[in-house]
Structures are given as C-alpha cells and as structure tokens.
C-alpha cells in the first residue's frame, strides 16, 4: 500500500482549478482511492451556499491571528484581502489515517510549505489563454470592479511562479486536464502525455501577454 501524500494544487483565479479537483475527487471515489480536499480556515465571509466546516472553517480576524501566533497553521497567507490558513493537525491526521489530501493553495502558501521540506507533490494549473482567464474572472458576477482588477493582477503575478512546481497542467481540454491531474494523484504519472518543452513554451506565451 502506498503512503498517503499531500498534493498542493495552485492556479490563477479563473483557471478552472476547483472544477478539476472536483473531477479528481469523483474519480478517486469510483476507484476506491482515499482522497479528500483539505478544509482551510479563512476570515472571508461565506458565499451563498457555503457552510462552515464543509467549505471552510470561517473565523474572525482575531481568532485567525491568535491561531497564527500559536503556530496552529502549516501555512497561512493573505489572498484578495482575506486571510487563509491550513491546520497542521488537520493535515497530519488525514495523512496518518492513509487519506491522500489535496490542498487548494495559492503561490504564497505553496512556497511556505515547500520551504519547510514537507513531503508533497506540487501541481500548477494553467488557463488555456490569458483572454479566457480574464473573461472568466470578469464574468464571476459576485465582485466589484476593484476586486476583479485585483484578481487579474494576482493571476498574472502567480503565473510567474508556475515553473517552481513539479507538475504543470494546461487546462485547455477539461477531460484531458482532469485525467492528467488524477494520474498524478494516483501516482500513475507515467500515463501523462504532456511534453515538458511544450508546456514551458505555452507558459512563456502566457507570460508575454
């Protein structure tokens, strides 16, 4: 039996990361692969349909800062004006129980964990184009113009760090990208067909936009 692993998955806002992760979770369930999505702590206000302890642990700024000071978090960062953090105990309890864990994380959090030499597989999701990325961010419909501009800026800043990740997936065709993600998680990376040189050329094109 393979040891449970921590998978760090990052992508700029609007690249389709959450949908790909959902697809991987469904396939893992059908394949009897123990896999869960880590639940983070955040100071963000819940969106419509979100619930505490299912989507996030929603806490106050004061509580968050108190936990940070007590070394409660494996990583924590401010993203789009809100605080997010991952509990050390949550991660350790899942992995020790044999459950593979996906951590949907931004570049700041990834770099914190990577600096700690925590055993992980890091995966960065690229959008099919910068135009599609901008379109998806602007069409979210739940944020004002200032928030949209911030997400666009952060998205472009995050792409610069994609090459720091062990795996890069281009989300140009959803089914293909979902298959690549699951192959990495199920440790069947040899089944992936992506060419590293082509991926790097594609990333360079995105960064030149």
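Each reported figure results from applying straightforward, stated rules to the coordinates on display, with no laboratory input. From a predicted model like this one, the values you see are computed outputs, not experimental measurements. For neighbour counting, all protein chains shown are included, and Cβ atoms are generated from backbone atoms with ideal geometry for every residue, glycine included.
Numerical summary
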{"read-out": "For the stretch 47-114 and the stretch 14-41, distance of Cα centres in Å", "value": "16 Å"}
{"read-out": "Residue of 150, 35, 101 that the Gaussian network model of the chain assigns the largest fluctuation, springs spanning Cα pairs under 10 Å", "value": "150"}
{"read-out": "Per-selection metrics, the stretch 44-163 (Cα): Rg and Dmax in Å", "value": "15.8, 44"}
{"read-out": "Largest-first principal axis extents, alpha carbons of the stretch 6-207, Å", "value": "46, 44, 33"}
{"read-out": "R0 of 41 Å, Cβ-Cβ distance residue 144-residue 22: FRET efficiency to nearest 0.05", "value": "0.90"}
{"read-out": "The chain: most fluctuating residue of 106, 149, 32 per GNM, C-alpha cutoff 10 Å", "value": "32"}
{"read-out": "Equivalent-ellipsoid semi-axes of the stretch 53-97, from the Cα gyration tensor, Å, largest first", "value": "19, 12, 10"}
